[in-house]
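Encoded as structure tokens, the structure appears first; notes follow it.
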Amino acid sequence: MTGIDSMNPQNPPLSDEALMAMALEAAREAAAMGEVPVGAVILDPATGQVIACAGNGTIGAHDPTAHAEILALRAAGAALGNYRLTDLTLVVTLEPCAMCAGAISHARIGRLIYGADDPKGGAVAHGPRYFDQPTCHWRPEVLGGVMAEESAAILREFFKQRRDVRAGSLADSGMIREVRGAG
Ligand SMILES: [Zn+2]
């Protein structure tokens, strides 16, 4: 979570790219905590105010639902005192999964902007294509691919580092076995 007041230059209105830059910053903060680097911000386009900002928090919170979008939706609902976030804009660095797409629809988000495509876990342009289903009763306007390369690069780097660490610890455990075998 990031302080919000410091992120609200009043004029001019924040561009999609400026909002995505904030989401990317939240993703980087998540990565620093060992979380999968995905970040989200919620903007009230009527006032130009960013009312919520969050990075993924599943591991630290022991909460499989603590995706960046869910945490941002919860923070925005608490800030506004309303479970409907009608016509607000949600900006997230990665294509939302089925859970988050469902939550975005329940919240009545007006506009969804996302960065990188997620062919494996995404549910907007891939997989279940949640908003295209007849059982989806609220569809936000969707814009994907905003600063997609930056969003994907953060994820690639995070998973590469994790693989490197795992490969290192596997090598270590192999060495331990060898030493024991020799004894
Ligand atoms: Zn999600």
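Read the figures in this text as sums done on the coordinates, not as results from a lab. The shown structure was predicted, so the numbers you read here are calculated from the model rather than taken from an experiment. Glycine also receives a Cβ, built like all others from the backbone with ideal geometry; neighbour counts cover every protein chain displayed.
Exposure proxy for Glu25, Glu69: other Cβ atoms within 10 Å of each Cβ, ordered fewest to most, give Glu25, Glu69. Here the relative contact order of the chain, from alpha carbon pairs under 8 Å that lie six or more residues apart, stands at 17 percent.
With respect to the chain, whose longest principal axis is taken over its alpha-carbon atoms, helix 16-32 is tilted by about 30°. The trypsin sites (Lys or Arg not before Pro) of the stretch 90-125 that DSSP puts in a loop, and whose beta carbon has at most 11 other beta carbons within 10 Å, are Lys120. Residues whose amide H lies under 5 Å from that of Leu143, counting only those 5 or more places away or on a different chain, are Leu112, Ile113, Tyr114; hydrogens are built 1.01 Å from N in the peptide plane. Taking a Cβ cut-off of under 9 Å around Gly115, the surrounding Lys, Arg, Asp and Glu residues balance to a net charge of -4, with basic ones at +1 and acidic ones at -1.
The calculated P(r) of the stretch 113-157, using every Cα pair and 5 Å bins from 0, goes 5, 21, 26, 23, 14, 7, 4, 0 in percent. Spacing of the modelled spin labels on His137 and Asp164, each 7 Å from Cα toward Cβ, amounts to 5.0 nm. Directionally averaged projected area (the stretch 43-164, Cα convex hull): 7.9 nm².
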